[in-house]
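J.: I am attaching a structure below and will ask some questions about it afterwards.
The values are calculated or read from the model by the stated rules, or taken from the named source; none is laboratory data. Everything numeric in this text was worked out from a predicted model, so none of it was measured. For neighbour counting, all protein chains shown are included, and Cβ atoms are generated from backbone atoms with ideal geometry for every residue, glycine included.
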Amino acid sequence: MKNIFNKNSGLIWLQKKNRFLAFGFSASLLFSLFACENFVEIEQPSSQLASSGVFNSPSTANAAMVAIYAQLRNATLLTGSPLGLSNQLGHYADELNFYGDTEISTFGFYTNSLLASNSTVAGLWNNSYHVIYNTNAVIEGVTASTTLPDATAQQLRGEALFVRALVHFYLVNIYGAIPYITTTDYKQNRVVTRMPIEKIYELIITDLSLASSLLSSEDSSGERTRPNKYVAQALLARTYLYDGLWSQAANASSAILNNTAVYRLENDLNSVFLNGSSSTIWQFSPGYYGSSTEEGNLFIFTSGPPPFTALSDVLMAAFEPMDMRRAKWTNAVTNGTSTWYHAYKYKDNNSTTFSAEYAVILRLEEQYLIRAEARARTGDLIGAKEDLNVIRNRAGLDPTLAVSQQQILDAILKERRVELFTEHGHRFFDLKRYGKLDEVLGTKVGWNSTDALLPIPETEILVNPNLAPQNTGY
């Protein structure tokens with residue numbers, strides 16, 4: 001498989017079997033009705049959805065929300081393409097080794113040599129705030145609508161609040177202090193300032209709590225592709241954990257873990273990332289019927305040396321000898337003299353008659369590890385070990401031998417590493433939360449302590465000086 005990157009346009013193309021799959025921006029036609037060119041608009045956007053006909057009927061209002069999910073899947077932080085966090089932060093930390101062209105944007109992440117002028121860093125920022133702008137348009141549109149049924153308006157408002165919180169959550173963890181945008185008013189947005197991280201978490205929690213109260217407990221999509229109450233609770237549990245609110249994190253996770261009629265661990269590791277998995281909390285539907293995931297297209301290779309990326313040796317060494325995740329979720333490729341490994345959580349990288357795998361964004365295993373850590377930090381060491389051992393036992397491992405609080409926390413960090421690898425930057429965020437970035441990544445070429453945050457795009461500071469000062473080190 002040959003990887004061709006157009007670094008000027010930001011489109012990524014993967015050539016396979018004499019055809020091309022585009023992994024650039026491709027939302028639906030409806031999305032184009034309310035896309036804005038830049039995060040900070042200098043002129044009033046030409047489309048005002050609140051006064052348009054989009055929110056007059058459930059079908060078009062739902063289409064507006066579906067278009068946002070398409071943008072998340074195709075072009076934003078959570079995309080499985082090379083532009084997403086699974087790839088970029090996997091290289092930025094220690095999960096992935098880079099084998100591609102040095103002109104490709106990922107090389108800057110791998111060598112920790114990003115600049116404030118980097119177009120990919122700007123793309124992460126701008127595409128994310130485009131999504132936020134669109135969620136605000138939905139919130140304003142359904143609130144102003146006099147024709148939408150109350151149940152539809154409530155569900156869509158809850159979904160939009162969830163997505164708004166979700167994107168801000170990732171932005172605050174990669175850029176630090178950021179603006180929290182809650183309106184489509186360009187006059188306000190063009191002069192916004194960055195808020196303290198503590199305030200950002202407060203606003204995320206407010207949005208997620210309201211979303212949880214608005215969303216139904218049922219799965220309206222039938223495929224776990226539309227957020228429900230438990231999806232909001234899952235992200236709320238993670239946010240509480242990151243914010244150091246341990247008891248709240250444990251309670252939010254328990255709300256999901258106790259719903260065993262809906263959410264259960266898959267005993268077969270090969271079933272975890274299949275559409276229909278009982279451990280999936282929320283996932284993206286494919287771009288078209290029969291397509292494989294972008295993650296499968298990105299990570300799988302069949303001959304060596306790897307054309308783009310492979311799992312790092314230090315990650316492979318982190319698996320314990322009897323860990324079935326190494327056997328089930330990684331795959332070896334050899335050329336006879338050298339061996340490389342690729343992520344094999346997603347096993348399809350070709351179109352088929354139906355999409356057997358959807359891109360999983362939130363899953364039950366993380367909730368066990370969230371509750372384990374939250375319990376450990378509050379002194380409930382027995383409960384923490386119980387949750388940790390649920391994940392270890394499913395992987396074919398014996399119960400942990402950790403005894404002290406610090407030993408248990410270290411065991412949880414290690415477990416998160418081998419459970420959540422190549423999933424949206426967990427490893428980088430975990431090292432940051434544990435205060436171990438310099439300890440673990442300090443030997444990487446180009447690593448500096450200030451790399452804990454990405455630079456604010458310089459183009460944004462030039463347009464809106466209120467976004468200054470730049471993050472330290474850039």
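J.: Which residues, counting only those in the range 351-363, are part of a loop (DSSP other than H, G, I, E, B) and touching a strand residue (DSSP E or B) at 6+ places or on another chain (Cβ under 7 Å)?
T.: Step one: filter the range 351-363 for residues part of a loop (DSSP other than H, G, I, E, B), giving 351-358.
Correct list: Tyr358 only.
J.: For the range 1-114, which strands (runs of 3 or more DSSP E) that fit wholly inside it have 1 or more residues that are of a type in the set (D, E, K, R) and modelled with pLDDT under 95?
T.: The strands (runs of 3 or more DSSP E) meeting that bar are 2-6, 11-16, 19-22.
J.: Residue under question is Ser221, and the condition is that it be farther than 19 Å from Leu203 by Cα, part of a helix (DSSP H, G or I), out of contact with any strand residue (DSSP E or B) (no Cβ under 8 Å at 6 or more places or on another chain) and hydroxyl-bearing (Ser, Thr, Tyr); does it hold?
T.: no
J.: Among residues belonging to the range 324-356 that are within 20 Å of Ile104 (Cβ to Cβ) and among the hydrophobic types (A, V, I, L, M, F, W, C), point out the one that is surrounded by the most Cβ atoms within 10 Å (Cβ to Cβ).
T.: Top of the filtered list is Ala343.
J.: Name, by its number, the condition in (1) assigned to a loop (DSSP other than H, G, I, E, B); (2) over 27 Å from Ile412 (Cα atoms) that does not hold for Pro321.
T.: Of the numbered conditions (1) assigned to a loop (DSSP other than H, G, I, E, B); (2) over 27 Å from Ile412 (Cα atoms), the odd one out for Pro321 is (2).
J.: Shifting gears a bit: Could you list, in sequence order, the residues of the range 135-157 that are within 21 Å of Ser221 (Cα to Cα) and out of contact with any Pro (no Cβ under 7 Å at 6 or more places or on another chain)?
T.: Thr135, Val138, Ile139, Val142, Asp150, Ala151, Ala153, Gln154, Gln155, Leu156, Arg157
J.: If the Cβ limit is 6 Å and pairs must be 6+ apart or interchain, which residue in the range 100-118 that is within 23 Å of Thr443 (Cβ to Cβ) pairs with which residue that is of a type in the set (Phe, Trp, Tyr) and in a loop (DSSP other than H, G, I, E, B)?
T.: Short answer, once both residue conditions are applied: Gly100/Phe308; Asn112/Trp447.
J.: Any idea which residue in the range 100-116 is farthest from Glu458 (Cα to Cα), counting only those that are among the aromatic types (Phe, Trp, Tyr) and buried (at least 17 other Cβ atoms within 10 Å of the Cβ)?
T.: Tyr110
J.: Now, a different point. Which one of these does Asn259 not meet: (1) surrounded by fewer than 20 Cβ atoms within 10 Å (Cβ to Cβ); (2) in contact (Cβ under 8 Å) with a residue 40 or more places away in the chain; (3) more than 20 Å from Ala395 (Cα to Cα)?
T.: (2)
J.: Counting just the residues of the range 364-394 that are among the β-branched types (Val, Ile, Thr) and part of a helix (DSSP H, G or I), which one comes out surrounded by the most Cβ atoms within 10 Å (Cβ to Cβ)?
T.: So the residue we want is Ile370.
J.: For the range 143-199, name all the residues that are outside any helix (DSSP H, G or I) and either free of Cβ contacts under 8 Å to residues at least 40 places away in the same chain or of a type in the set (A, V, I, L, M) (or both).
T.: Thr146, Leu148, Ala177, Ile178, Tyr180, Ile181, Asp185, Val191, Val192, Met195, Pro196
Let's see how each residue does on (1) of a type in the set (Val, Ile, Thr); (2) farther than 23 Å from Arg363 by Cβ:
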position	(1), (2)
Glu159	no, no
Val172	yes, no
Thr182	yes, yes
Val192	yes, yes
Glu202	no, yes
Leu208	no, no
Ser212	no, no
Ser217	no, no
Ser253	no, no
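J.: Kindly provide the set of residues from the range 416-428 that are of a type outside the set (D, E, K, R) and either surrounded by fewer than 19 Cβ atoms within 10 Å (Cβ to Cβ) or not in a helix (DSSP H, G or I) (or both), ordered by number.
T.: Leu420, Phe421, Thr422, His424, Gly425
J.: Of a type in the set (A, V, I, L, M, F, W, C) and surrounded by fewer than 16 Cβ atoms within 10 Å (Cβ to Cβ) - does that describe any residue in the range 241-250?
T.: no
J.: Look at Pro321 and say whether it is surrounded by fewer than 21 Cβ atoms within 10 Å (Cβ to Cβ), in contact (Cβ under 8 Å) with a residue 12 or more places away in the chain and under 26 Å from Leu441 (Cα atoms).
T.: no
J.: Considering Leu431, Leu454, Leu462, which residue is of a type in the set (A, V, I, L, M), part of a helix (DSSP H, G or I) and in contact (Cβ under 8 Å) with a residue 60 or more places away in the chain?
T.: Leu431
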